[in-house]
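K.L.:
To start, I am sharing the structure in question, which I have written as structure tokens.
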Amino acid sequence: MDLVDIDVILGMETLNKWGVKIDCARRTVHLTASDGQGVEISATSPSGYLHQMEVKPTDGIRVVREFPDVFPDELPGMPPDRDVEFLIELLPGTAPIAKRQYRVAPKEQELIKENIDELLGKGFIRPSSSPWAFPVLFVDKKDGSRRMCVDYRALNDVTIKNKYPLPRIDDLFDQLQGACVFSKIDLRSGYHQMKIRPSDIPKTAFITRFGLYEYTVMSFGLTNAPAYFMNLMNKVFMEYLDKFVVVFIDDILIYSKTEEEHEEHLRLVLQKVREHKLYAKLSKCEFWLDQVPFLGHIVSKGGIMVDPSKINSVMDWKVPEVVKEVRGFLGLAGYYRRFIESFSKIAKPMTSLLEKGVPFIWTKERQAAFDELKKRLTTAPVLTLPDLTKSFTVYCDASKEGLGCVLMQEGKVIAYASRQLRKHEVNYPTHDLELAAVVHALKIWRHYLFGNWCEIYTDHKSLKYIFTQNELNMRQRRWLELIKDYDLEIHYHPGKANVVADALSRKSYVNMAVAFQMPLELCAEFESLNLGFVHHTTVATFEAEPTLEQEIRKHQKTDEKIQEIRE
């Protein structure tokens with residue numbers, strides 16, 4: 001090890017031998033000499049050595065070490081001119097809006113001053129004489145610190161909304177079928193890497209005790225910011241999208257089938273990031289993974305599952321006391337509805353509170369629905385990713401409480417879908433309700449089923465003969481025309497519920513992965529061991545090879561805890 005001009009580095013054994021105590025606050029080191037006398041040494045500033053001892057954090061990461069300039073500690077300055085710049089287009093006749101500043105605590109004033117100095121130094125803001133003015137507020141970050149934001153709600157109300165589409169989360173995951181190796185890149189302050197059109201800069205002005213300032217780069221809180229940034233990212237990665245890259249705003253996921261492929265893909269993506277002078281935050285990036293957290297899910301070669309760390313906010317949700325809190329809970333839980341069988345049916349007691357004129361009364365039935373949704377999220381199964389080269393199976397069900405269906409492939413669940421009955425559907429006969437469930441499945445999963453062979457199972461026997469029936473009402477005829485667009489066959493299956501339950505029993509190893517913090521793929525191996533679970537009795541049973549059984553018996557004889565139990 002090259003010590004440069006440092007004389008010696010003390011190791012743990014020496015520090016322990018001399019009873020060394022380090023006081024970081026006082027910047028002193030206290031040690032005890034051989035005669036028992038204490039010696040205190042004042043620390044010198046390490047700044048003179050920092051440049052000599054620096055080790056680039058990218059050095060140990062394959063491929064990534066070739067691009068250290070992509071992962072700076074801070075953004076180097078103003079972004080370059082890009083193909084996309086941020087615009088703020090206002091509704092006709094809009095006059096400048098000037099709001100009064102909010103009162104803030106003294107410590108928050110200090111944070112505002114620090115933020116202003118930092119942003120001024122980078123050129124991201126500048127002093128303003130704009131007729132516009134919006135107040136500053138603070139939001140809590142995940143690490144417990146606070147981020148300064150501007151309250152642009154009044155500006156957003158008069159801004160023409162950009163219709164550039166954000167991708168559907170489900171569509172992004174569908175691209176990952178067959179992938180085994182993943183890397184995730186998170187851009188550093190992504191919004192600050194796009195300039196604002198010069199004529200729109202004054203509209204971003206914010207007021208503080210220290211004066212009026214305006215942004216020269218895109219800021220958090222502006223209504224069209226996600227759409228403009230998504231447009232930029234699509235232009236940058238267009239040639240790689242849906243091949244080995246998926247992008248959602250400033251999150252970039254690279255996926256490959258093999259490590260050899262991944263090395264090439266990762267290099268291409270990082271080269272593209274470098275070409276466009278974009279910058280990533282290394283501490284938030286992850287590379288060469290067999291499973292990766294992405295958009296609130298865990299993605300692996302085995303499929304996708306709910307990210308346990310993301311459902312804590314659902315599990316910690318207090319019992320709603322007003323309609324707004326009910327709507328918030330259902331919105332958050334509904335993000336994972338594809339993982340929950342009969343979501344609409346379970347949530348129905350709560351969704352009824354959202355109807356106009358319904359008084360807010362929190363009944364036992366609603367509490368049960370609230371608790372059940374929480375429970376279902378913690379036991380959500382792994383959903384397999386669809387393979388469009390193979391056929392699909394759909395199980396449909398209908399009742400007066402709603403429509404439900406399950407999309408499967410080779411015995412594994414891809415997604416659940418459900419909805420409550422509309423007012424006019426409540427009076428449908430059973431035959432029409434069952435047919436409505438089939439139509440619902442075909443509509444919601446059209447992007448999977450259209451052009452692929454599909455088998456549909458229903459527990460209503462007469463639907464088998466829907467194509468040969470002569471007497472159909474107008475509604476049935478309309479639905480039949482839609483069904484004929486698909487290459488499918490409808491089957492009657494009286495034991496459908498058992499078939500689906502059998503398929504869902506595959507989720508038990510997922511629960512074990514979450515409970516014991518074991519890798520998902522390792523737990524999945526238990527599927528091949530004839531493993532089963534029985535609540536509150538046997539944890540697991542499996543068939544062992546004779547040699548393994550002999551090893552177990554051998555070690556049991558010398559295991560102290562087992563011997564104590566036997567005695």
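K.L.:
Report, by residue number, each residue of segment 106-158 that is small (Gly, Ala, Ser) and under 31 Å from the mean Cα position of the chain (by Cα).
P.N.:
Hits for segment 106-158 are 144, 145, 154.
K.L.:
How many of the residues making up segment 362-387 are within 24 Å of the chain's Cα centre (by Cα) and assigned to a loop (DSSP other than H, G, I, E, B)?
P.N.:
Qualifying residue count, segment 362-387: 8.
K.L.:
Please give the number of the condition residue 151 fails out of (1) surrounded by 11 or more Cβ atoms within 10 Å (Cβ to Cβ); (2) among the acidic types (Asp, Glu); (3) within 30 Å of residue 304 (Cα to Cα); (4) touching a strand residue (DSSP E or B) at 6+ places or on another chain (Cβ under 8 Å).
P.N.:
(3)
K.L.:
With the requirement that a residue be surrounded by 13 or more Cβ atoms within 10 Å (Cβ to Cβ) and in contact with a Pro (Cβ under 6 Å, 6 or more places away or on another chain), what does segment 359-383 give you?
P.N.:
Within segment 359-383, 366, 369 meet the criteria.
K.L.:
Still on this structure, please answer the following. Just give me the residues in segment 157-200 being within 30 Å of residue 128 (Cα to Cα), in contact (Cβ under 8 Å) with a residue 24 or more places away in the chain, out of contact with any strand residue (DSSP E or B) (no Cβ under 8 Å at 6 or more places or on another chain) and of a type in the set (S, T, N, Q), in sequence order.
P.N.:
Selection gives 162, 189.
K.L.:
Please report, ordered by residue number, the strands (runs of 3 or more DSSP E) entirely within segment 398-488 with at least 3 residues that are in contact with a helix residue (DSSP H, G or I) (Cβ under 8 Å, 6 or more places away or on another chain) and either among the aromatic types (Phe, Trp, Tyr) or closer than 24 Å to residue 303 by Cα (or both).
P.N.:
402-409, 412-419
K.L.:
Given the condition under 18 Å from the mean Cα position of the chain (by Cα) and either at pLDDT below 95 or surrounded by 21 or more Cβ atoms within 10 Å (Cβ to Cβ) (or both), answer yes or no: does some residue in segment 260-279 qualify?
P.N.:
no
K.L.:
Is it true that residue 107 is basic (Lys, Arg), part of a loop (DSSP other than H, G, I, E, B) and either under 17 Å from residue 202 (Cβ atoms) or at pLDDT below 90 (or both)?
P.N.:
no
K.L.:
Of these, 150, 158, which one is over 30 Å from residue 64 (Cβ atoms), at pLDDT 90 or above and in contact with a Gly (Cβ under 6 Å, 6 or more places away or on another chain)?
P.N.:
150
The values are calculated or read from the model by the stated rules, or taken from the named source; none is laboratory data. Predicted model only: the values in this text are computed from it and were never measured. No Cβ is skipped: glycine too gets one built from the backbone with ideal geometry, and neighbour counts run over all protein chains shown.
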